[in-house]
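As structure tokens, the structure follows; a few thoughts come after it.
The values are calculated or read from the model by the stated rules, or taken from the named source; none is laboratory data. Everything numeric here is computed off the predicted structure, so don't read it as measured data. Using ideal geometry, Cβ is built from the backbone for each residue, glycine included, and neighbour counts are taken over all protein chains shown. We work out accessible area using only protein heavy atoms, side chains counted, and drop any ligands, DNA or RNA first. Shrake-Rupley method; radii C 1.70, N 1.55, O 1.52, S 1.80 Å.
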Amino acid sequence: MLTEPSGVVLRDVTLRDGLQLTGKTLPVERKVEIVRRLLALGVPALEIGSMARPDLVPPMANTMDLVAALTPEELERCWVWVATPRHVAKAAAAGVRNFQYCFSVSDSHNQANIGRATEDSMAVMPEAVRLAHEVGGAIQLCLATSFTCPFEGPVDPERVLEIANDPRTEGATDIVLADTLGQAHPAQVAALISAVRDRTPQRRIVFHGHDTWGMGVANTLAAIAAGAGMVDGSLGGLGGCPFAPGASGNTSSEDILFATRPDWFAPPTLAALVELTEGLLADLGEPNRSRAAEGARSKAAAFEWVIG
């Protein structure tokens, strides 16, 4: 799975974070098609859905139907967002083996997003870890609002480190640092990831960025340089958190790939991704925010990455 020369894995989160703000539920068959096309193109990992309440996040309502439609081999490369041990148990019973256990560094956002205090989410994480491990699964510690909170403003990096070092988070294979609002800048991203790398238990570091302020790719590259082993993106820059005022789309998967050039990514791969993205966004009525996709459709025909 780690096909990139640097060992960095792109995880495409279109089917979870990408769809959250659209208000539209894609049919299961369409989601299966997207999963299989992305995996066939070489995308190493996907986030395919969420256990969030369907009345609050309708686009996630058919996540378990999607899981049921995928093979165990496909699910080995797929992650599902969870926020409680009950979520883990239900997803595990359906066949999920990769769980992203998420809560917010800031209490205000955790209350808005999950309906409980950050401390309450941490208190039950050992049970979530136990349930994941019982089925031979992997579980990530995902920290939303690692940089800024829409209600409280800047987040103290020491609070992130405190949570990362809390014994109740042991057993997580990875730690996800989320720039939920896309307000971070490259030096800030590099500093936090370096601190987590040097001052917390050894886990793969994942950077989840948004492009609200145009820093998505720059922040992703800064994260990789500082030691991140996985980075998140979504097709066409689709996405955002419905419980974070001011949030906008994720960093575009196409833009990240064009910048990082993993060895499985070539001009025909970009062309296939752009065509997949354009079809999806047309179905959703959403704009394409990918600059690489825009470049690929330019008239600079002498450049091998241009589709024409």
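Numbers for the structure displayed
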quantity: For the chain, radius of gyration divided by Kirkwood radius, i.e. Rg to Rh on alpha-carbons; calculated: 0.94
quantity: The stretch 201-308: GluC sites (Glu not before Pro) falling in loop per DSSP and having at most 15 other Cβ within 10 Å; calculated: Glu304
quantity: Rg/Rh for the stretch 1-69, where both radii come from Cα atoms and Rh is the Kirkwood radius; calculated: 1.02
quantity: Carbon/sulfur fraction of accessible area - the chain, other protein chains in place, 1.4 Å, %; calculated: 55
quantity: Cβ-Cβ FRET estimate between His133 and Ala300, R0 fixed at 41 Å, reported to 0.05; calculated: 0.20
quantity: Eligible lysines near Lys90 by straight Cα distance, threshold 25 Å, same-chain separation 8 or greater; calculated: Lys24, Lys31
quantity: Potential extension, Ala195-Glu158 segment - 0.36 nm per residue separation minus Cα distance; calculated: 12.4 nm
quantity: Derived scalar couplings ³J(HN,Hα) [the stretch 87-99; Karplus, 6.51 cos²θ - 1.76 cosθ + 1.60; whole Hz; x for Gly, Pro]; calculated: 4, 4, 4, 5, 5, 4, 4, 7, x, 5, 10, 10, 10
quantity: Long-range amide H partners of Arg11 with built H, under 5 Å; calculated: Val231, Asp232, Gly233
quantity: Solvent-accessible heavy-atom area per residue, rounded to whole Å², over the chain at 1.4 Å; calculated: 38
quantity: Kirkwood Rh in Å, taken over the stretch 1-134 so that all alpha-carbon pairs contribute; calculated: 15.4
quantity: Gaussian network model of the chain, springs between alpha carbon atoms under 10 Å - residue of Asn110, Asn62, Asn165 with greatest fluctuation; calculated: Asn165
quantity: 0 to 90° range, to nearest 10: angle between helix 125-134 axis and the chain longest Cα axis; calculated: 70
quantity: Low-density loop cleavage sites - GluC sites (Glu not before Pro) in the stretch 134-170, where at most 15 other Cβ are within 10 Å (DSSP); calculated: Glu152, Glu170
quantity: Proximal aspartates and glutamates relative to Lys299, as straight alpha-carbon distance under 19 Å, when same-chain residues fewer than 8 apart are discounted; calculated: Glu254, Asp255, Glu275, Glu278
quantity: Only Lys, Arg (+1) and Asp, Glu (-1) charged, at Cβ; the chain dipole about Cα centre in debye; calculated: 220
quantity: Added length on full extension, which subtracts the Cα-Cα distance from 0.36 nm per residue, Met122 to Asn165; calculated: 14.3 nm
quantity: Potential extension, Lys90-Trp213 segment - 0.36 nm per residue separation minus Cα distance; calculated: 40.6 nm
quantity: At most 13 other Cβ within 10 Å, DSSP loop - GluC sites (Glu not before Pro), the stretch 1-92; calculated: Glu76
